[in-house]
Amino acid sequence: MGSTLQRPPRSSRLPGWLTGTAGRVLGLALVVLLVVAVAVSCSGGGDGDAGVPVLGDGPDAGVQDVRSPSEETGGTLRVVAGEIDSLDPQRSYRPGVWNLMRLYARTLVTYSSEPGATADLAPDLATDLGSTPDGGLTWTFTLRQGARFENGRAITSRDVKYGIERSFASDVIVGGPTYTVELLDDPANPYAGPYQDEDPAKLSLAAIETPDDATIVFRLRTARPDFPYVLALPSSSPVPIEDDTGAAYGADPVSSGPYAVTTVDAETGIVLDRNPQWDPATDEVRTALPDRVVVRTGLSSLERDQALLAGSADLDISGSGVHLATGARLAEGAGGEVPLTDRVDDVPSGAVRLLALPTDVAPMTDPNCRAAVAAAIDRTAVQEVAGGPERAVRTSRLWPAALPAGPEEEDPGADVAAAREALAACGQPDGFSTVLAVPDAEASVAVAETVATQLAEVGITAEVRPLPAASFYATDVGSPDNVARNGYGIVLATWTADFPTPGSFLVPLVDGRSVSLVGNTNYARLTDPALSAAVDAARAASDPAADPAAAATAWRDVATAARATGAYVPLVESRVQLLAGQRLRNAVVMRPYVGYDLATAGVR
């Protein structure tokens, strides 16, 4: 989806240890710290769980199937996490937190919990996936009967509307997605959110209609066949107006799911207990096996791994996978009777690291100069500095691996002769100089320096310029004016889509209508009308009533056409290894959140 969100890009959420030779060396040095933890794990001990058998279903058991299937209820599911940005569903922008919110924030539709199909949508508070009579411009949903908040009140269409309206209050509700604002707001008469709404009911957003308690109708500014994916975000969950405390709502969010937040403490963590008002008959997605869920937050990746290995944690929701040090231990096949590799699920993260060549910065204005850069790149060398095959997969596609029906994958090596021929064609036979902008993080700088070395072999001098990671995507390369002013001819970026759809991945990168003055995600500034027309054709082909194969072909054509411009040079897609705790049962890999689905997880 095209977007001009004012938020940290998904790219900025990658952990620093994911890539880089220095990180690999550090990881190997830290292996010794894990030996004791591994020994405890293999003996079945840890945190009062002596004698609990360590199950090893085999590598990748949770990717297409269920790891350690179980219907056993009870116990406490122990979760570890990094930083939690907010427990307010309208204010979080972290996939790991969105995973946690599956326990207490229901939406009209949500991601399926079926093994191997977790990128698909399933009805949640709604009876189906919605209907649209006009190709995605108007959407109608009917709510299930019997769903209630933790306070016992029935959930109505007006509660869903009010929850979505909160995102419009940009002065109070900050940090979360704003897709609904972009799709539903009227530029001629913008809605300021419920806190400034003069209507006593606080429901004046005209683009959402609630003709009765069970019906909700959305009238979008432009047709979006993938709008249900927007509604699957926690930011589209219902909020009871009588319990809304504005900016403080995250301290005690009201549950619409099987668990309710009962404690939030920096030392003891977040505690969720069963919500007695939740009726499993109204919920086809969540199994709600544990009696309690406890989340320890603010842990480093190594600390999270140690907890999983020692048996004091059951799963990690950070989405970053194990630390390099832990990965090295896994590669050695340690684990006693049950190898640790049998407790690992290896999944692509969806995060594609790429070079963007801004088409309005000379000499990248010439497609032949862009072709020279592309021809000089050796992805094998980039993969090695990005952590090796265990951490990165080479890719030349603008298409993440988990999405089916993508363009044909090529793995071209560096072609010095072709690069020099392209340089001659763009009038720069001796090469040229430019600036390579990169986030100031060790892993990113290491990749950038490798790229610069490769470019130097054909006469292209790329000055690696590290920029503050905190502002890199929002203003440094997110401002086209700033990019042009500083001559950033190459931008090393990492891109991850918010939804598992081709449009969500491609449109922000390649549609000229997605270019914005701040927080721009079309890093190459592609403004080709033909590409925008191809996007429109792909969206039309994505009509729920149309042939899915035609939609796949249309989006594949967009990706192929964008790659042909030479404005983007994909390099690698990161991989993560998920480690299951020894007590974890009924674990399904949730691909959109790159972790085990909390909606199905249980413990022995």
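The values are calculated or read from the model by the stated rules, or taken from the named source; none is laboratory data. This one's a predicted model, so the numbers in the text were calculated from it and none came from an experiment. Neighbour counts are summed over all protein chains in view; Cβ atoms, including those assigned to glycine, are modelled from backbone coordinates with ideal geometry. Side chains included, ligands, DNA and RNA excluded: accessible areas come from the protein's heavy atoms. Shrake-Rupley method; radii C 1.70, N 1.55, O 1.52, S 1.80 Å.
Dipole magnitude for the chain: computed about the Cα centre from +1 point charges on Lys and Arg Cβ and -1 point charges on Asp and Glu Cβ, it is near 480 debye.
When the surface is traced with a 1.4 Å probe over the full set of protein chains, V451 keeps roughly 0 Å² accessible. Simple rule: put +1 on each Lys or Arg Cβ and -1 on each Asp or Glu Cβ in the chain, find the dipole, and look at S70, L231, A564; the Cα lying farthest toward the positive end is A564.
Using only the Cα atoms of the chain, build the gyration tensor, take square roots of its eigenvalues as a ≥ b ≥ c, and label the shape rounded, prolate or oblate: rounded if a/c is under 1.5, else prolate if a/b is larger than b/c, else oblate.
Since a/c reaches 1.5 but b/c is at least a/b, the shape of the chain is classed as oblate.
Residues D557, D543, sorted by accessible area with the largest first, give D557, D543 [1.4 Å probe; ligands and nucleic acids excluded].
Protein-only accessible surface at a 1.4 angstrom probe places the residues Y259, Y195 in the order Y195, Y259, largest first.
How do Y229, Y93 rank by accessible surface area computed with a 1.4 Å probe, from largest to smallest? Let's see the in-between values first.
On the way: Y229 40, Y93 5 Å².
Order by accessible area, largest first: Y229, Y93.
For the chain, the antiparallel share of DSSP beta bridges with both residues in that region comes to about 75%.
Label-to-label distance, R513 versus D536, with points set 7 angstrom from Cα along the beta-carbon direction: 0.7 nm. In this view, the solvent-accessible surface of E303, computed with a 1.4 Å probe and all protein chains in place, comes to about 90 Å². Shape class of segment 452-584 from the alpha-carbon gyration tensor: oblate, with a/c at 1.5 or above and b/c at least as large as a/b. Shape of segment 99-187 from its Cα gyration tensor (a ≥ b ≥ c, root eigenvalues): rounded if a/c is under 1.5, otherwise prolate when a/b > b/c, or oblate? Because its axes are fairly even, with a/c under 1.5, segment 99-187 counts as rounded.
When the surface is traced with a 1.4 Å probe over the full set of protein chains, K161 keeps roughly 10 Å² accessible.
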